[in-house]
Structure formats: structure tokens, C-alpha cells
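Contents: one structure, followed by commentary.
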Amino acid sequence: MPWMVYMIRCGDGSLYTGVTNDLLRRLEKHRTGKGAKFTRGRGFLTVAWSKRVTDKSLALREEARLKKLSKKEKEAIVLSSNPLLTTYLSECPDFQEILSNPGAMSGVVKLRDKLVTRYSWAIPTEEALREIAELSPIVEMGAGTGYWSCLLKRMGADVVAYDRAPPGSLKSLVSACNPWHVGSKQHIKVLHGTPETLKAHLDRTLLLCWPPRGPMARQCLKHWKGKHLVYIGEFGGFTADLKLQDVIRQKFELVSMVSIPRWPGMNDMLTVWRRS
């Protein structure tokens, strides 16, 4: 196993830095109170950032360097591990700028289309990812490039990702069901799957992130009978359809809502639901 230097996010927002040659095993030790004394009793723990190095000696030197950094400097490193969010924050003008300069909207659309193709329509934050990670194990259907699943797995979540036409596969080249990701690279292994595939994953939280317009999301709920549902997007509009909201409200109760960054004109929200 390769040596790694890592930072763990504690439930109180603090960061702990350490080294290991088995990150998931080390995370489990921290969660059970058998890791560092610092992480005990600080709430739910996730991996905020990690980096592979060549050997233990280098890992220890990198750990010592990171521990000397300020909290602000460490947070900047954590943020850099989510390139979609960092690019959005640095390059997308805010709403007031767009109102004062309507011509800026064309630039926003170009930026959006570039990032959507490479990553995802929905923009993850650490808070949103932590909300999902606590519900591990997870199955994502309609994963696209697998960007959200990739970040969740880095946090220590157990994730499996499916798409009807995974980017880079033969199915993506002959299918028009997801033209946005044709030619894109996968961030995690995305398997071919359809809503019917969910019958084999009833023990997992279902993640639907920006499902396409139409009945696909409702078809997923028809075949999946698990406990927790995480839905990211709109109800109707750019994602799924208006009937989905009725189906969810009939069979689930709302557990939590998390705001995430939005492209202008869109009303994305992360909601967590528990089957009634």
C-alpha cells in the first residue's frame, strides 16, 4: 500500500493531519476512537484531503510541513482538491456583477458548459459531501463522469457509481442519452447500469445528482426500496420532472437540506429524504 499524508475533517470543523499506508483502515480507527487522541469525541470524521507519496520518510516530512501551516492555509489546500468548486468560485461572476453587465452572462455560459462537460452539473461543497458521506454505503445512478462519487470515496465513503452510458465507453459513443459527457474522462470507475440495476443495492443510500429531464429519477425509485435518498437538483425545470416531487413526498419524509453553489438561472438544492 502506498504511503499517504492526509487531513481529516472533524465534526467541529477542525482538521487533523496524519500519515498512513492504509487510509480507509486508518479512518475507521479514528472513528472508533482508536486513532489519535485529537479526533476522539469530535463528531463524524471524513477525509478532507489526501496525497500519495513515495515512502514513509517523505510522508512524515510532508506531515510536519502541513502541521506548521495555519488553519487558513490548510483550508486552501482542502479546497484545491475540488477543482470544480475552486474554478467556479474564482471565475464565475456573482449575481450583482451579471446584473450590472448583462454581457457577462455569455462568459458564464461558456464557463458552465466547459466545467459541466469535465465534471458535473451540480457543484459539490465539503458540507454537502459530508452530509452524503454520513449515509454510506451509497449507490449513485446517472453518475456521468463520477465526480461526486469520486470526492465521496476520497472522504472514506463506500460508493458504487452507475450510468446508462458511462463516459469513454462504447455505449456513450452510440447513445444520445448523455451528450454532455461524450469524450469526457471518468473520475472514478463508472459502471454501466439502468434503474433496474438498483434492485441489487437496496442496502445503499441512493444518490441522484442532476438526473436528466423526464422519468428516469422516478424509474429509479420504482426499483430501489432502500431507506435514504439524496436528491440534488430541481424538481422539474432542468432536472427530472414535476411528478417526482409528488412521488417523493408520498413515500419519504424530509431529513435535511443543504445549499450548494448554483449557476445563474438554476435552483439546485441538496435534499436528504428517509423512507416513511
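Sorting 155, 266, 257 by the number of Cβ atoms found within 10 Å of their own Cβ, with the fewest placed first, yields 257, 266, 155. Labels on offer are (1) 19.5, 57; (2) 24.5, 79; (3) 22.6, 80, and the one holding Rg and Dmax of the Cα atoms in Å computed from this structure is (1).
Relative to the dominant Cα principal axis of the chain, helix 242-251 is inclined by about 60°. Here the Karplus relation 6.51 cos²θ - 1.76 cosθ + 1.60, evaluated at θ = phi - 60°, turns the backbone of the stretch 142-155 into coupling constants of x, 6, x, 6, x, 5, 4, 4, 4, 5, 5, 5, 4, 6 Hz, with x for every Gly and Pro. Considering only alpha-carbon pairs that sit under 8 angstrom and 6 or more positions apart, the relative contact order computed for the stretch 1-59 is 46 percent. Can you pick out the pairs among 71/185; 37/225; 51/114; 29/114 whose Cα atoms lie more than 28 Å from each other? Table pairs above 28 Å Cα-Cα are 71/185; 37/225; 29/114.
By counting other Cβ atoms within 10 Å of each Cβ, how are 198, 15 ranked from fewest to most?
Ordered by Cβ neighbours within 10 Å, fewest first: 15, 198.
Using equal-weight Cα scatterers in the Debye expression, the normalised intensity of the stretch 187-276 in log10 at q = 0.13 Å⁻¹ is -0.42.
In the stretch 122-275, Cα pairs under 8 Å separated by at least six residues give a relative contact order of 23 percent. Relative contact order of the stretch 52-137, taken over Cα pairs closer than 8 Å and 6 or more residues apart, is 23 percent.
Each peptide among 31-40, 213-222, 243-252 gets the average number of other Cβ atoms lying within 10 Å of its residues, and from highest to lowest they stand as 213-222, 243-252, 31-40.
A compact globular protein would have a Cα radius of gyration near 2.2 N^0.38 Å; the ratio found for the stretch 3-80 is 1.02.
Read-outs: derived from the displayed coordinates by stated rules, not from any lab. All values derive from a computational prediction rather than experimental measurement. Reconstructed Cβ throughout: ideal geometry from the backbone, glycine too, with neighbour counts over all protein chains shown.
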